[in-house]
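The structure appears right after this line, and notes come after that.
What follows is calculated from the coordinates using simple rules that are stated; it is not laboratory data. Computed from a prediction, not measured in an experiment: that's the story for all the values here. With ideal geometry, Cβ positions are generated from the backbone for all residues, glycine too; neighbour counts draw on all protein chains shown.
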Amino acid sequence: MKVLNIVLNGKAVTAKAGQTILELARENGVFIPTLCDSPALEPAAMCRLCTVQVIEGNRPKFVTACNFPLRRDAEVVTDSPEVRHGRKLIIELLMARCPTSPELQRLAVDYGCDLERFSPLNDDCVVCGLCTRACEAVTGRTLSLAGRGTAIHVDTAFQKASAFCIGCGACVQICPVKKIAMEDVDGERRIILHGRIASRVKLPRCTSCGKYFGPVIDLNQVMERMGERLIPPPNATICPECSRRNLAIKLGRRHFEQYGVFEEEGQANAG
Amino acid sequence: MTEAIQTAILPSEAAKIMSPEGLALFRQELLSGHDPNAPLVLVCCGTGCRAAGSVAVVDKFRQVLSGTAWNGKVVPMIKHTGCHGLCSRGPLVVIEPGDLFYQRVTVDDVEEIVNKTILNNETIARLQYKPANSKEVISKTSDIPYYAKQTRLVLKNIGKVDPTDIRDSIMRGSYSALAKVLTRMSPQDVINEVADSKLRGRGGAGFPTGLKWESCARQEGTRYVICNADEGDPGAFMDGALLEGDPHSVLEGMAICAYAIGSNRGYMYVRAEYPMAVKTLTIAIPQAEALGLLGENIMGTGFNFKVTISTGAGAFVCGESSALMASLEGKVGRPRPKYIRSVEKGFRDSPSNLNNVETYANIPGIITNGAEWYKSYGTQRSSGTKVFALTGNVNNIGLVEVPMGISLMEIVFGIGGGIPNKRALKGVQTGGPSGGCIPIPHTIPDINVGYGKLAEVGSIMGSGGMIVMDEDTCMVEVARYFVNFLFQESCGQCTPCREGLIRMREILTRITQGQGKEGDIELLEEIGNFTNSFSLCGLGTSAANPVLSTIRYFREEYNAHVRDKKCPAGVCKPLFHYEINPETCTGCGLCKSKCPVKAISGEKKKTHVIDQSLCIKCMECYKGCKFRSVIIK
């Protein structure tokens, strides 16, 4: 692997060829703010918050740290006044869309943002695309970026409750502004997007305790992907809680049959 | 074009051309069967002329000519051709031999043309070209200043060939450059020739074509040749006209590129709003394949190149190369970051060479005549010619091809014939929504049109849209128009472009409605500079150009809007009113008769008055007054 000499904020460091600036910065303890980056997903460079300046050769240029692959010796400046000014504008513009996000509020303080400059847009989404990319990675068919130009928004096909959703909740978990909600009501799981039900997934009832639990379709996908590695193996009729309890009882019983007694120590070993 | 022509084109005995020499023989054969002295009627069937009724004119000519015999034996030929260029005077008809030019020809004129001009060599003065402000007619096409001052290298076949008949193009030399590279040049020779010619991408950015080919050829794996015909700039129609009028030059250019970079697959990405271009290509490609000039085993040399047409779905952003490739793959047309360029990893993650229609159309000429010949046109840094779509407030609206380095004033006045209605020139907008306004002649007296010069003054070459603006143009409104266009056409995925355009549009709309605030202009500049440096793709990084360039050169006009609440050009309706100047008004009553809401009163030969409470500011009186007595206040 080729090793590159990089000057990162004035400090000489080495990088692996092909490594992104964001990876290099994290390795070296340099913080670069991000909104649309997730270690689980390919970078999309949509929010542009991680923009930094790179000087390869003699021309400085603005690039996004999350996906810019270092291929030559270069100088990287992650926090110049120009960069900070651009980030400040990004935050101000996004705060006008989504003023209640704690993450944006924190950034707004860090960057000394003037929150009066832009009139509120009354939207609840920063269009970072994390949910759509996470969805694509899991099922690929439920959420996507719909609409053209400035009317772009996260949506299901034809704005209808999606039939493809498996109710995994990845979109809910990954949303940086926490604007996608999930609730389990009356035996179904609902994903709430823009205040609308984006999908309904039937929940099975546990045959053991009678409670509703995670969607079968989601469990099947997890089983398919994880296979033997799952302990205890998911079961489509029993909730994970009962499943764990049953496993514990089974192991305990085996221990009892073998040694005739329950022992604190033995139980721990069995687990 | 018509179905009848499509099927009649290739005689059944037309066999595939099995060697490059076979092409020369075939051409010879075609030329020998053609009498250069026989009358030939060329009717422009470009979009403009079609809209003006040229298809009916063609049909009428066919009908009348079928019963006619010139010299008692020959039936005069009629061809429907691509765009002749002088769109504002269509439908255009050129009669050969003699290069006789007729304009605004209607169905009713056809019989007269056949009887007088074709059969008896008499000209019809009423249909001939008269320059603005002159009564003298110009009879030959090549003598009309609009054509005489152009250098037509790329457009050389347009208006001369029937785009639905490949034999017509072959007679004028099409595919001979391809034959030359297949027999006498190695792929590297081709790349060197193109690189030597210093041809730069005609799509707008001006990247050296030879260098692009070279880097694509160096990659491993399946390579693709892609032609970007997703021409979406408002007011631009060069690529559409090229594909409609001379598809074989473009196809030949693509085939030469494929040979040079080692590819056998080509894609032509045409915008769906060009149905005629799509239709012409769907006729041209099978014809070329039937003759063995495209497809498998081209001219018997073993070289394969298959071209597939793909149509867009109406998104402007798909003219951006990575969005175009995503769209070609069947994905949503959104750009991707291009830190790894398409020549390395483009369409289907394979090395892809994407060029614009006009770039490919330049290639056959360079191969046939050599790089030195090509460099004899244009300037040191911008060689060759460029086709512009000249529109706006100019007398001769149409397609013009000029050598690089030509003076902009020469294009507007020499070729374009100046500004209509005795108005003064205020500026020229080049490069479409990514370009800027050049304030000639006031702030900048004149510039030589080239990549570098245009960038210097804050505009770009772009794909070749050139909008001429007169003194009645409001620059704030121009900026708002382009920002509004991009507001709708941005893909919306990255924050600076999406949010920046929302805010710039908001501020510009506010200013044009008379609600501009102190600080708005500075805020526009701040957002504009930010959008241009932080956005993801080429659309975003140039989205603020119309705003920044108009502020740079017309700041006073912005100030007038924001501070004085006045629109000096008289465009933004809440910011001006019309008055009649009592000192110059002759009381002719023309304004009164033109006013649709009867807001003007006054006796004959006495000063007229406008009732402001009734006036709807429709401009009729202002435009109509011969003494310029209606003034903007």
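State the Cα centre-to-centre distance between segment A:135-168 and segment B:123-184 in whole Å.
52 Å
For B:L354, list long-range residues whose amide hydrogen, built 1.01 Å from N in the peptide plane, is under 5 Å from its own amide hydrogen.
Long-range HN contacts for B:L354: B:I226.
Between beta-carbons, use under 15 Å as the cut-off and find the net charge around B:G427, counting Lys and Arg +1, Asp and Glu -1.
Values: positive: B:R423, B:K426, B:R552, B:R555; negative: B:D446, B:D470, B:E471, B:D472, B:E477, B:E556, B:E557.
That sum, taken over residues with Cβ under 15 Å, equals -3.
Run lengths n ≥ 4 of DSSP H only: what is the helix-derived mean residue ellipticity at 222 nm for chain A, with -39500 (n - 2.57) per run over all residues, to the nearest 500?
Numbers: 8 runs with 85 residues, N = 271.
It comes out at -9500 deg cm²/dmol, rounded to the nearest 500.
Given H placed 1.01 Å from N in the peptide plane, which residues other than close sequence neighbours of A:F68 have an amide H under 5 Å from its amide H?
Residues meeting the amide H criterion: A:I21, A:L22.
Sort B:578-591, B:195-208, B:251-264 by packing, meaning the average of other beta carbons within 10 Å per residue, with the highest value first.
On the way: B:578-591: 16.5, B:195-208: 21.1, B:251-264: 25.8.
Final packing ranking: B:251-264, B:195-208, B:578-591.
Using Cα pairs under 8 angstrom and six or more residues apart, how large is the relative contact order of segment B:385-470, in percent? It would help to have the intermediate numbers written out before the result.
Details: 186 pairs, mean separation 31.1, N = 86.
Computed over segment B:385-470, the figure is 36 percent.
For B:R628 and B:A148 in the same chain, what is the full-extension length gain: residue separation times 0.36 nm, less their Cα-Cα distance, in nm?
Numbers: separation 480, 0.36 × 480 = 172.80 nm, distance 3.39 nm.
Fully extending the segment from B:R628 to B:A148 adds 169.4 nm.
Along segment B:18-31, what does the Karplus equation 6.51 cos²θ - 1.76 cosθ + 1.60 (θ = phi - 60°) give for ³J(HN,Hα), rounded to whole Hz, x for Gly and Pro?
Karplus-based 3J(HN,Hα) across segment B:18-31 equals 9, 7, x, 5, x, 5, 4, 5, 4, 5, 4, 4, 5, 5 Hz.
Using the Karplus equation 6.51 cos²θ - 1.76 cosθ + 1.60 (θ = phi - 60°), what ³J(HN,Hα) coupling, rounded to whole Hz, does each residue of segment B:203-213 give in order, writing x for Gly and Pro?
Along segment B:203-213, the couplings run x, x, 6, x, 6, x, 5, x, 5, 5, 4 Hz.
Trypsin sites (Lys or Arg not before Pro), restricted to segment B:50-119: which are DSSP loop and have at most 12 other Cβ atoms within 10 Å? Please list the in-between numbers first.
Values: sites: B:R50, B:K60, B:R62, B:K73, B:K79, B:R89, B:R104, B:K116; in loops: B:K73, B:R104.
Answer in residue order: B:K73.
With the Cα gyration tensor of chain A giving a ≥ b ≥ c as the square roots of its eigenvalues, does the rule (a/c under 1.5 for rounded; else a/b larger than b/c for prolate; else oblate) give rounded, prolate or oblate?
Values: a/c = 2.63, a/b = 1.56, b/c = 1.68.
Judged from the Cα gyration tensor, chain A comes out oblate (a/c at least 1.5, b/c at or above a/b).
Say the dipole of the protein assembly as shown comes from +1 at the beta carbon of Lys and Arg and -1 at that of Asp and Glu; which of B:F207, A:L251, B:S593 then lies farthest toward its positive end?
B:S593
Picking from B:C491, B:N529, B:N559, whose Cα lies most toward the positive end of the charge dipole for segment B:475-562 (charges on Cβ: Lys, Arg +1; Asp, Glu -1)?
The Cα lying farthest towards the positive end belongs to B:C491.
Put +1 on the Cβ of each Lys and Arg and -1 on the Cβ of each Asp and Glu in the protein assembly as shown; which of B:M475, B:N228, B:A313 then has its Cα farthest toward the positive end of the dipole?
Positive-end residue among those listed: B:M475.
Calculate the dipole size of chain B relative to its Cα centre from +1 charges on Lys and Arg beta carbons and -1 charges on Asp and Glu beta carbons; express the result in debye to the nearest 20. It would help to have the intermediate numbers written out before the result.
Working: 69 positive and 63 negative charges, 257 e Å.
Charge dipole, chain B, about its Cα centre: 1240 debye, nearest 20.
Using Cα positions and a limit of under 30 Å, work out the lysines in reach of B:K375, with same-chain residues fewer than 8 apart set aside.
In chain and number order, the partners are B:K140, B:K149, B:K156, B:K160, B:K180, B:K198, B:K212, B:K386, B:K453.
For a Förster distance of 45 Å, can you work out the FRET efficiency between the beta-carbons of B:K16 and B:E518, rounded to the nearest 0.05? Mind showing how you got there, number by number?
Working: r = 73 Å, r/R0 = 1.62.
Result of the calculation: an efficiency of 0.05.
Excluding residues fewer than 8 places away in the same chain, name every one of the lysines whose C-alpha is closer than 23 Å to that of B:K592.
Straight-line reach from B:K592, under 23 Å: B:K422, B:K573, B:K604, B:K605, B:K606, B:K617, B:K623, B:K626, B:K633.
Using a Förster distance of 41 Å, how high is the FRET efficiency between A:E241 and A:D114, based on the Cβ-Cβ distance and rounded to 0.05? Walk me through the numbers before you get to the answer.
Values: r = 50 Å, r/R0 = 1.21.
The pair A:E241/A:D114 has a calculated efficiency of 0.25.
Give the relative contact order (percent, whole number) for chain B; include only Cα pairs under 8 Å separated by 6+ residues. Kindly include the intermediate steps, with their values, before the conclusion.
Working: 1371 pairs, mean separation 73.3, N = 633.
Rounded, it is 12 percent for chain B.
Compute the signed sum of charges (Lys and Arg +1, Asp and Glu -1) over the other residues within less than 14 Å, Cβ to Cβ, of B:L536.
Working: positive: A:R48, A:K61, B:R334, B:R336, B:K338, B:R498; negative: B:E320, B:E499.
My count for the surroundings of B:L536 gives +4.
Based on Cβ point charges of +1 for Lys and Arg and -1 for Asp and Glu, what charge dipole magnitude is obtained for segment B:475-562 about its Cα centre, in debye rounded to the nearest 20?
180 debye
Please label the shape of chain B as rounded, prolate or oblate, based on the square roots a ≥ b ≥ c of the eigenvalues of the alpha-carbon gyration tensor (a/c under 1.5 means rounded; beyond that, a/b larger than b/c means prolate, else oblate). Don't skip to the answer; put the middle values down first.
On the way: a/c = 2.29, a/b = 1.26, b/c = 1.81.
Verdict is oblate for chain B.
Determine the percent antiparallel among the DSSP beta bridges restricted to chain A, to the nearest 5. Intermediate results must be reported in sequence, preceding the final value.
On the way: 31 of 35 bridges.
Given both bridge residues lie in chain A, the antiparallel proportion sits at roughly 90 percent.
Decide, for segment B:166-375, between rounded, prolate and oblate: order the square roots of the alpha carbon gyration tensor eigenvalues as a ≥ b ≥ c, take rounded if a/c falls under 1.5, and otherwise choose prolate if a/b is larger than b/c, else oblate. If you can, show how the numbers build up before the last one.
Numbers: a/c = 1.44, a/b = 1.18, b/c = 1.22.
Rounded, since a/c falls under 1.5.
Only Cα pairs under 8 Å and at least 6 apart count here; give the relative contact order of chain A as a rounded whole percent.
Numbers: 434 pairs, mean separation 28.1, N = 271.
For chain A, the relative contact order is 10 percent.
Using amide H atoms built in the peptide plane, which far-off residues or other-chain residues are under 5 Å from B:G384 H to H?
Residues meeting the criterion, in which the H sits 1.01 Å from N, are B:Y377, B:G378, B:T379, B:M404.
Past the 19 angstrom mark, what percentage of all C-alpha to C-alpha distances in segment B:1-152 do you count? Kindly include the intermediate steps, with their values, before the conclusion.
Numbers: 6779 of 11476 pairs.
Of the Cα pairs, 59 percent sit more than 19 Å apart.
What's the angle, to the nearest 10 degrees (0 to 90), between helix B:54-66's Cα axis and the longest principal axis of chain B?
50 degrees
Can you give me the angle between helix A:81-97 and the longest principal axis of chain A, using Cα atoms only, in degrees from 0 to 90, rounded to the nearest 10?
That helix lies at roughly 50 degrees to the long axis.
Restricting to chain B, compute how many DSSP beta bridges are antiparallel as a %, nearest 5. Please report the intermediate quantities before stating the final value.
On the way: 34 of 60 bridges.
Around 55 percent antiparallel, to the nearest 5.
Size of the dipole of the protein assembly as shown about the Cα centre, Lys and Arg at +1 and Asp and Glu at -1 on the beta carbon, nothing else charged, in debye to 20? Kindly include the intermediate steps, with their values, before the conclusion.
Working: 104 positive and 93 negative charges, 224 e Å.
Around 1080 debye, computed over the protein assembly as shown.
In whole Å, how far is the Cα centre of segment B:436-454 from that of segment B:382-426?
Cα centroid of segment B:436-454 versus Cα centroid of segment B:382-426: 12 Å apart.
Step through the residues of segment A:108-113 one at a time and calculate ³J(HN,Hα) from phi using the Karplus curve (6.51 cos²θ - 1.76 cosθ + 1.60, θ = phi - 60°), rounding each to whole Hz and writing x for Gly and Pro.
Whole-Hz 3J(HN,Hα) from phi for segment A:108-113: 4, 5, 4, 9, x, 6.
Under 16 Å between alpha carbons, and skipping anything fewer than 8 positions from A:K61 in its own chain: which lysines qualify?
Straight-distance partners of A:K61: B:K338.
Counting Lys +1, Arg +1, Asp -1, Glu -1, what net charge surrounds B:P76 among other residues with beta carbon under 14 Å of its beta carbon? The partial results should precede the final answer.
Values: positive: B:K60, B:R62, B:K73, B:K79, B:K116; negative: B:D35, B:E96, B:E111.
Once positives and negatives cancel, what remains is +2.
What GluC sites (Glu not before Pro) in segment B:463-567 are in a loop by DSSP, with at most 10 other Cβ atoms within 10 Å of the Cβ? Numbers along the way, then the final one.
Working: sites: B:E471, B:E477, B:E489, B:E499, B:E506, B:E518, B:E522, B:E525, B:E526, B:E556, B:E557; in loops: B:E471, B:E518.
Passing both the DSSP loop test and the Cβ count: B:E518.
Going through segment B:576-616, which trypsin sites (Lys or Arg not before Pro) have at most 12 other Cβ atoms within 10 Å and a DSSP loop state? Each step should come with its number before you reach the end.
Values: sites: B:K592, B:K594, B:K598, B:K604, B:K605, B:K606; in loops: B:K598, B:K604, B:K605, B:K606.
Taking segment B:576-616 and a limit of 12 other Cβ atoms within 10 Å, the loop trypsin sites (Lys or Arg not before Pro) found are B:K598, B:K604, B:K605, B:K606.
Where the convex hull is taken over the Cα atoms of segment B:248-325, what is its projected area averaged over directions, in nm²? Each step should come with its number before you reach the end.
Details: hull surface 20.9 nm².
Across all orientations, segment B:248-325 yields a mean hull projection of 5.2 nm².
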